[in-house]
1. Among (1) closer than 13 Å to Ala7 by Cβ; (2) modelled with pLDDT under 90, where does Leu57 come up short?
2. Checking Ile28 against (1) within 20 Å of Arg63 (Cα to Cα); (2) in a strand (DSSP E or B), which test does it fail?
3. Looking at region 27-54, which of its residues are surrounded by 12 or more Cβ atoms within 10 Å (Cβ to Cβ) and at pLDDT below 95?
4. Tell me, which residue of region 1-18 that is loosely packed, with under 10 Cβ neighbours inside 10 Å and either touching a helix residue (DSSP H, G or I) at 6+ places or on another chain (Cβ under 9 Å) or free of Cβ contacts under 8 Å to residues at least 24 places away in the same chain (or both) is nearest to Leu57 (Cα to Cα)?
Amino acid sequence: MAAYFLALIAEINDPGLCGEYTEKAAPIVIEYGGEYLRKSTDLTPVGGDWEALRGVLIKFPDR
């Protein structure tokens, strides 16, 4: 059964470091069969009181 990982990033203090993290994380995600389904800065909350700058949804084949 597939497993999904949703990351909501609320604050970025160092954009350069964030980019470096993304570059290093991508090969690890792929190594474990992960597939980036969506990366977006265009987020609209449908409930609750939250704000996020970016969202990333990753699908893995299993846990």
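The values are calculated or read from the model by the stated rules, or taken from the named source; none is laboratory data. Small disclaimer: the values here were computed from a predicted structure and weren't measured. Cβ: placed from backbone, ideal geometry, glycine included. Neighbour counts: every protein chain shown.
1. Against the list (1) closer than 13 Å to Ala7 by Cβ; (2) modelled with pLDDT under 90, Leu57 comes up short only on (2).
2. It fails just one condition, (2).
3. If the condition is that a residue be surrounded by 12 or more Cβ atoms within 10 Å (Cβ to Cβ) and at pLDDT below 95, then Lys39, Leu43, Ala52, Leu53, Arg54 are the ones that fit.
4. Here the residue is Pro15.
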